[in-house]
1. Quick one: which residue in A100, A73 is small (G, A, S), under 26 Å from F11 (Cβ atoms) and over 19 Å from the mean Cα position of the chain (by Cα)?
2. Can you tell me which residue in the range 1-49 is farthest from the chain's Cα centre (by Cα), limited to those that are surrounded by fewer than 21 Cβ atoms within 10 Å (Cβ to Cβ) and small (G, A, S)?
3. Select from the range 1-35 the residues that are in contact with a helix residue (DSSP H, G or I) (Cβ under 7 Å, 6 or more places away or on another chain) and among the basic types (K, R) and list them in ascending order.
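Every number here is computed from the coordinates shown, using simple stated rules; none is lab data. It should be emphasised that the depicted structure is a prediction, and the values quoted were computed from it without experimental measurement. Don't worry about glycine lacking a Cβ; one is built from the backbone with ideal geometry, like all the others, and counts go over all protein chains shown.
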Amino acid sequence: MTTVKTRAIIFDMDGTMIDNMMVHHRAWQLKLASLGLELTIDEVIAEVHGINEEIMQRLFGDRFTKEEADRIAWEKEKQYRDIIADRIRLLDGLQHFLDACKKAGVPMGIGTAAPPENVEFGIERLNLQPYITTTVHSKMVSKGKPDPEVFKKVADGLNVPLHECLVFEDSPTGARTAHNGNCPVIVLTTTHKPAEFSTIPAVRGFIQDYSTCTIKKGEDNWFIIGF
């Protein structure tokens with residue numbers, strides 16, 4: 001078993017707490033096709049990441065006004081919520097891991113590129129309120145991932161230095177965000193393959209879900225995460 005020492009945990013949400021990234025990718029693929037941009041699902045996975053404003057700018061430049069881009073992104077996110085509403089669930093083992101972390105007293109937060117509507121939807125549907133004390137979403141940062149601003153704000157909310165936090169992520173962009181914040185990251189292989197993370201030194205290991213994760217108290221407000 002591999003272990004990582006930490007004082008707090010920061011979770012990404014999509015693909016990390018919820019196995020939902022393919023729903024997002026399909027929703028984006030359909031929306032982009034309606035705008036005349038035909039992408040394969042592999043192209044969507046490669047190109048569509050970060051906050052929605054950055055995605056629209058990356059794909060379309062100045063074709064749309066800010067209001068039009070916001071409306072397009074909102075329509076896509078509503079479609080995502082409609083699709084996943086009846087089947088949203090935590091990744092295997094995560095409920096048990098959250099319970100164990102809460103019992104041990106580990107501070108936990110969420111740092112995500114998702115819009116606030118999706119974050120609120122996920123937290124409410126999955127009853128995460130008792131576990132997550134700090135949440136930072138796309139509308140709360142000026143720079144999206146891989147800039148570490150989102151994780152820095154979560155760490156500040158948890159009152160723990162970012163470099164003393166452990167991040168759970170599922171994407172290379174998210175793992176680079178952790179690296180840029182000088183903190184270790186454990187990668188969920190729900191969306192990407194381990195080889196895609198080979199150039200990111202912050203990665204400590206890979207898990208398919210949380211069924212192998214353990215937590216125990218260390219000394220001086222540190223905790224040992226095993227996986």
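1. That would be A100, the only listed residue that is small (G, A, S), under 26 Å from F11 (Cβ atoms) and over 19 Å from the mean Cα position of the chain (by Cα).
2. That would be G36.
3. Matches in the range 1-35: R7, K31.
Table: residues versus (1) surrounded by 14 or more Cβ atoms within 10 Å (Cβ to Cβ); (2) closer than 15 Å to L94 by Cα.
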{"site": "P115", "(1), (2)": "yes, no"}
{"site": "N118", "(1), (2)": "yes, no"}
{"site": "E124", "(1), (2)": "no, no"}
{"site": "S138", "(1), (2)": "yes, no"}
{"site": "K143", "(1), (2)": "no, no"}
{"site": "T199", "(1), (2)": "no, no"}
{"site": "V203", "(1), (2)": "yes, no"}
{"site": "D209", "(1), (2)": "yes, yes"}
{"site": "I215", "(1), (2)": "yes, yes"}
